Every structure is written in C-alpha cells, then in structure tokens.
Amino acid sequence: MLALSHSCRYFLYRSPTDMRFGIYSLAGLVQNELGFDPSSGDVFVFLGKRLNQIRLLQRSVARWDRDGFAMYVKKLEQGTFEWPQGEDISITSQQLTLLLQGVMLDSVRLRKRYQQVN
C-alpha cells in the first residue's frame with residue numbers, strides 16, 4: 001500500500017515517460033537523467049505522454065522490507081493529471097496527494113503555516 005509521508009522526499013521526472021517502462025528502466029532514468037540514487041528510499045514520480053497515467057518508484061527502506069523496489073501505477077479512465085508549474089523537480093507529499101486526486105495545483109491557496117528550517 002502507498003502511504004505518503006512528510007519524512008520522505010518526492011521528485012518529479014519532468015519529461016514524458018514511456019509507460020511501458022518497468023522498475024529497472026525507471027531506476028535507470030533516475031540514476032542517469034536525474035542524477036539521484038534510486039535505492040535512496042526517495043519516491044520518483046513519472047507521467048506518461050498522454051497525461052492519463054502516473055508511476056511512482058520507490059526502493060523499500062523499511063527495516064523489515066529492504067529487499068526491492070515498489071512501483072505504484074495509477075491510470076485514469078477519464079481526465080488527465082496536471083504537472084506542477086515551474087522547473088523544480090522536488091514536491092511535497094501534500095502536493096503529490098493533490099496531484100493524484102486531480103486537484104488543479106495552480107488554483108490551490110494554502111494558508112500560512114510554521115515550517116521548521118533544516
């Protein structure tokens with residue numbers, strides 16, 4: 001089961017991705033194109049060319065389950081996903097949740113909250 005957490009980092013792969021790609025092809029994109037280690041435990045988000053399918057890739061880092069990758073796929077019957085605007089590849093778990101629910105991210109207005117600086 002996919003559980004989005006504030007303790008995890010989320011990164012977008014900004015180019016349209018071939019949705020026939022499997023775990024190892026997506027891990028290759030993460031390593032070769034983004035320059036990240038796919039086994040870091042971070043979640044990497046890929047969107048198909050038609051914008052109706054999204055894939056999330058994560059290496060399991062849980063103490064009891066460090067034996068492989070997990071790939072989550074969501075394909076819409078109707079409608080499309082919307083990428084966040086800008087060039088930043090890092091997103092929050094909250095933004096990813098909104099993206100998966102079909103909320104238009106440009107129209108979301110969040111109230112000011114305290115954020116601890118690392």
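Listing for the model above:
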{"read-out": "Fraction of accessible area attributable to carbon and sulfur, segment 10-113 (%, probe 1.4 Å)", "value": "47"}
{"read-out": "Rh by Kirkwood over Cα pairs, then Stokes-Einstein D for the chain at 0.890 mPa s and 25 °C, µm²/s", "value": "162"}
{"read-out": "Coarse-grained scattering of segment 2-57 at q = 0.24 Å⁻¹, given as base-10 log I(q)/I(0) from a Debye sum over alpha-carbon atoms", "value": "-0.98"}
{"read-out": "Whole-Hz couplings from phi, Karplus 6.51/-1.76/1.60, listed for segment 9-19; x for Gly and Pro", "value": "9, 10, 10, 9, 9, 6, 8, x, 10, 5, 6"}
{"read-out": "Estimated distance in nm for a label pair at Gln115 and Lys49, the labels positioned 7 Å out from Cα along Cα-to-Cβ", "value": "3.5"}
{"read-out": "Net lengthening on full extension, His6/Tyr24 (0.36 nm per residue, minus Cα-Cα)", "value": "3.9 nm"}
{"read-out": "Segment 44-118, dipole about Cα centre (Lys/Arg Cβ +1, Asp/Glu Cβ -1), debye to the nearest 20", "value": "180"}
{"read-out": "Gaussian network model of the chain, springs between alpha carbon atoms under 10 Å - residue of Asp42, Asp88, Asp18 with greatest fluctuation", "value": "Asp88"}
{"read-out": "Leu34 versus Val108: modelled label distance in nm, points set 7 Å from Cα along the beta carbon direction", "value": "1.8"}
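The values are calculated or read from the model by the stated rules, or taken from the named source; none is laboratory data. This one's a predicted model, so the numbers in the text were calculated from it and none came from an experiment. All Cβ positions, glycine included, derive from the backbone under ideal geometry; neighbour counts span all protein chains shown. In case anyone asks, the SASA skips ligands and DNA or RNA and just uses the protein heavy atoms, side chains included. Shrake-Rupley method; radii C 1.70, N 1.55, O 1.52, S 1.80 Å.
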